[in-house]
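What follows draws every value from the coordinates through simple rules; no lab data is involved. It should be emphasised that the depicted structure is a prediction, and the values quoted were computed from it without experimental measurement. Note: ideal-geometry Cβ built from the backbone for every residue, glycine included; neighbour counts use all protein chains shown.
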C-alpha cells in the first residue's frame, strides 16, 4: 500500500560544506542518510527523519540542518495536519498509533502562570552564597507527636519512627526501567544519585545485580503490575519500595517492552525469557480495591522487615485526591502523583494526549485534602510529570509537594531531544535502546557528570529563590502558598491551587 | 469534591519593640517600670498597637480562668448584643463566679475602644467533652468563640494573669487600662507595634495569649503558611493572620500538649543547621534530626525575637540567624529581656549581667532559679 503521508521533517544538507564522510549515515539508526554509490554523494530520505538532531550535532562540518516541514495541506483549523496524518496512519496500518515522551499538546502549564515572592524591607532576603541554605528533605511517614522521656539529663525518643529516606535536594530521578532505557543510561542515573545524595527509581524492569551493592542505597525499587524482577533480594537491596499503580503518560493502561528490546541481560534482570514481549497488565491483578492495595503495601513491608518506606505512585486522574487519602490510610508512606505531561517510553498517542490532569492542580488539591483530613504528615508527597526547571520544583513544593521526580529533564540532560521515537528502540542518543551499538554512544562517566551537574545547578537555583523569599530551610516553604500568586488564571483555577491572584 | 474558596486574607506585617521583666523570687511589682521601659522605645512602634501581659495579678481568683473578652463595634448596640450572645454561651459552658468591665480611664484619648469585659470562670464540661482535660476544653471553647462569634474576641484566657492591649502606643494603653498601679505581677511583658498596613484592630495588638501562655513578638515569619497548615491539623484556628498567633499556638502545641521543655521547643522553632547536627555525637544527632524531621513545619523561618511567658516562666528566643535584636540582663532577682539595652538601663542602671543571646538559644527565667541555656540543651551522657 502506498503511504499518503508527507515527511514531517526536512534534511537540508549544505553541499559545499559536506565532504561525503558518511558520518551522518553511521549516526542515524532510522536510515535517513544514504550514500549514493553511483553519484558518490550523500542523499536523505526525509520520511525516516525523527528530528533527533543526532546527525546535525555530530556532523564534523556542521553541514546538516533538520527542520520541520510546513504543512502541505490547505489550512484548516478543524482538520490540522496532525489529525489528517493520524487518520492516514490508522488507515494504512489498522493499528494503535504509538508514541514516546510526554504529551506535546497545549494543556495549560500552570507553572508558567504562578509567580514567586521575594523579601522587601520588612524581612531580609538571605544570600545563599554567604549563609546556610538547607534543602535536606525526609520522605516517609511522620508521627503526630514525639513521645519524649526525660531520664535525668537524657532525652529519649519513645515514639517508634517509621522509616524515612533522606534527600539532600528535593529532586529525584523518576522511574525509567532498565530495558526501556539502556544500561548505560540506567547506571548513569544510579551513579548521579549517589554522587548527589538523592534517589533514582528503577521503574518496573528490575535492578541489574551488579548495581545493587553500590547503588541500592540510592534506589527506589518499583513493583509494577508485571512484577518484573521482583524478589526479596531486589526489594531489600533498595532504600525504598514503590508500587506503581499508574503513570501520568498513560493512566489506566499497562506497559509494553517490545521483544527486540528484551536482550539477554534485560531478560535476566526482568526474570523473563529473552526476545519475548514484556507486557505488564493494565491493573495489578492482585489489586482490585483499596483493601487489596493495603495488603500489598503490608506484604512489601513484611518482606523488607518494616525498614523501608513504601511509596505508591498514581496517575493524576479525576478522583485522585480521595484515592490518595485512601492510599495513605492503606499504609503508604509516600504518595507519588504523576501528571498528564509525564513521559513514557511507549504509549498509545490517544491515551498520552487525553487522559489525566496537570500535576500542579493535582498536587495542590491532594495536599489540601490530606490536611483537611489531618493526615498530611502521615505521608510524603512527590510530584512528577512535566517538571521542567528549578522554579517548577520550588513551586511544586510551595503547593504542597515534599519533593519532585524528574524523568524527561534527566533524559534531556543525557542528550535526549524529545523526538518521541523511544518506542522504536532506535534511539540515536543511546538512551532509549537495547542495541549495544547505540547505547555504547553514552559514556557513563560523562553522562553521570551531566546528570549530576543538572541537579547541582537546579539546587543552586532553588537556594537562590529560597533566599530571596527570606527562607533558609526548604521545610518552611512546603505548602506555603503565601509565597505564590497566580497570573492569568481563572477563579476556579486559583481556588484549586489555593493561591491568591497577583496583586490580591 | 466540593470546591473550596481560596482564602483572601491579608497577612499583617509588622515590626516592633518588646520588653519583659520578671522577679524570679516571685515578688510582685507594679507595671510602672515596664511602662517606662517600653515607652523609651517609642519610635520602634507607630501607635497602631500596644499591650501588656502580667502574671500574678489576680490572687483572689487564682484558681479560675480569667477571660478577657472584647466586643468590637462602633455601635454600642452591636457591642451589647454581642455580649448577650457571649454571656449565654459562657453560661452554658462555664460556671462564672465573677464578672465585670475591665477598669479603664474614659478620659484617655484612644481610638475606637471596644467594650472589654472580664469573667472568672471554671469549665462546666458536659457530654462527650466531660473527659477532656480542662485546658483542652478551654482552648476548644476559645477557638470556637474567636472563629465563630462576630464582634467577639477572647484576648486572654489564663489563670491569675491577664492581657491588656489595643490600638495606640503601649504607654497610651497603660494609661487607658490603668496599669501603672492597679495590678501587681511577678512577670510583665510589653509590646509596641509598627504594622505596615493601617488596618489597626484592638484584637490584633500584642501580646497574644492562649490559656496562660502569652507571646510578644518582633519580626515577620516567612514560614507562616507552612506553620499555619501544620497547626490547623492539630485543631488550631488561625483567625488573625498574624505571625504572633502561629507562634503562640506552636508554643502551646509543643510545650503544653507535647510537654516539651523550652530547651527542646526552641530547637524546633529555631533548630541548629544540618551542618552542625551532622557533627554532633550519635545520640544528639538522632534527637535533633528526629525533631527536625517530625516538626519541620514548625520551624519559624525569617526574622523574629519573641518573649514567651507562662506561669512561673519567661523565655526569650531569637531566630536561628539572629535577624532581630534581643538583649538580656539580670539584677538580683530581676531578669530583663528587651529589644534595646537602653530601656533596661533606664529602669535599672546597675545590672549584674548583660548579654546578647545567640540565635536560636533560649534565655529562660524561672521562679527561684536562673537557667541560661546556651548552645547545649541537656547533656546527653
On a 0 to 90 degree scale, rounded to 10, what angle separates helix A:81-93 from the longest Cα axis of chain A? 70
Under 18 Å from a label point 7 Å along Cα→Cβ of residue A:21: give me every residue in segment A:441-456 with its amide N that close. A:441
When a/c reaches 1.5 or more, the comparison of a/b and b/c decides; with that in mind, is segment B:159-315 rounded, prolate or oblate per its Cα gyration tensor? prolate
Would you mind giving the mean number of other chain beta-carbons within 10 Å of the Cβ of each residue in B:252-259, as a whole number? 2
Say we join alpha carbon atoms closer than 10 Å with springs in a Gaussian network model of chain B; which of B:227, B:146, B:275 then has the biggest fluctuation? B:275
For segment B:185-266, divide the Cα radius of gyration by the Kirkwood radius and give the resulting Rg/Rh value with two decimals. 0.96
Taking r as the C-beta separation of residue A:389 and residue B:99 and R0 as 51 Å, the FRET efficiency to the nearest 0.05 is 0.25
Arranged by the count of other C-beta atoms within 10 angstrom, fewest first, what order do A:93, B:182 take? A:93, B:182
For the protein assembly as shown, the fraction of alpha-carbon pairs in successive 20 Å shells from zero, as %: 14, 40, 28, 14, 4, 0
On alpha carbon coordinates alone, what is the Rg over Rh value for segment A:137-501, Rh being the Kirkwood radius? 0.96
Round to a whole angstrom and tell me the spacing of the C-alpha centers of segment B:259-314 and segment A:174-199. 36
Evaluate peptide B:303-311: per residue, the Cβ atoms of other protein chains within 10 Å of its Cβ; return the mean as an integer. 1
Taking segment B:170-283 and dividing mean pair separation by its residue count, relative contact order in percent (alpha carbons under 8 Å, at least six apart): 18
Rg over Rh, two decimals, segment A:9-95 (C-alpha only, Kirkwood Rh): 1.07
Rh (Kirkwood, all Cα-Cα pairs) for segment A:38-182, Å, reads 24.1
Give the distance, in whole Å, between the Cα centre of segment A:92-171 and the Cα centre of segment A:388-462. 19
May I ask for the angle, rounded to the nearest 10°, between helix A:444-468 and the longest principal axis of chain A, with both axes built from Cα atoms and the value confined to 0 to 90°? 50
Spread of Cα-to-Cα distances over 10 Å intervals beginning at zero, given as percent, for segment B:288-373: 16, 44, 30, 9, 1
Which whole-angstrom value gives the distance between the alpha carbon centres of segment B:1-58 and segment B:97-153? 19
Highest first, please rank the peptides B:61-72, A:464-475 by the mean number of other Cβ atoms sitting within 10 Å of their residues. A:464-475, B:61-72
Within the protein assembly as shown, what percent of beta bridges assigned by DSSP are antiparallel, to the nearest 5? 75
With only helices counted (DSSP H, runs n ≥ 4, each -39500 (n - 2.57)), the per-residue ellipticity at 222 nm for chain A, to the nearest 500, works out to -8500 deg cm²/dmol
Expressed as a whole number, the average count of other chain Cβ atoms within 10 Å around the Cβ atoms of A:466-475 is 5
Evaluate the distance, in nm, between pseudo-label points positioned 7 Å from the Cα of residue B:259 and of residue B:279 along their respective Cα→Cβ axes. 3.5
So the angle from the long Cα axis of helix A:290-303 to the longest Cα principal axis of chain A, reported in degrees to the nearest 10, equals 80
What Kirkwood hydrodynamic radius, in Å, does segment B:304-349 give when the mean of 1/r is taken over all pairs of distinct Cα atoms and then inverted? 11.4
Starting with the highest mean, order A:257-267, B:16-26 by the number of other Cβ atoms within 10 Å, averaged over the residues of each peptide. B:16-26, A:257-267
Using a Förster distance of 45 angstrom, determine the FRET efficiency expected from the C-beta separation of residue B:62 and residue A:492, and round it to 0.05. 0.25
Counting DSSP beta bridges with both partners in segment A:137-501, what percentage is antiparallel, nearest 5? 25
Theoretical FRET efficiency, 1/(1+(r/R0)^6), r = Cβ-Cβ of residue B:77 and residue B:352, R0 56 Å, to 0.05: 0.55
So, how do all the Cα-to-Cα distances of chain B break down into 20 Å bins, in percent, from 0 on up? 30, 59, 11, 0
Based on the mean of other Cβ atoms within 10 Å per residue, sort peptides A:100-112, A:274-286, A:418-430 so the most packed one is first. A:418-430, A:100-112, A:274-286
Taking only the alpha-carbon atoms of segment A:95-165, what semi-axes of the equivalent ellipsoid follow from 5 times the gyration tensor eigenvalues under a square root, in whole Å, largest first? 42, 28, 12
Under 8 Å for C-alpha pairs, at least 6 residues apart: give me the relative contact order for chain A, rounded to a whole percent. 19
Percent RCO, i.e. relative contact order, over chain B, from Cα pairs under 8 Å lying at least 6 residues apart: 24
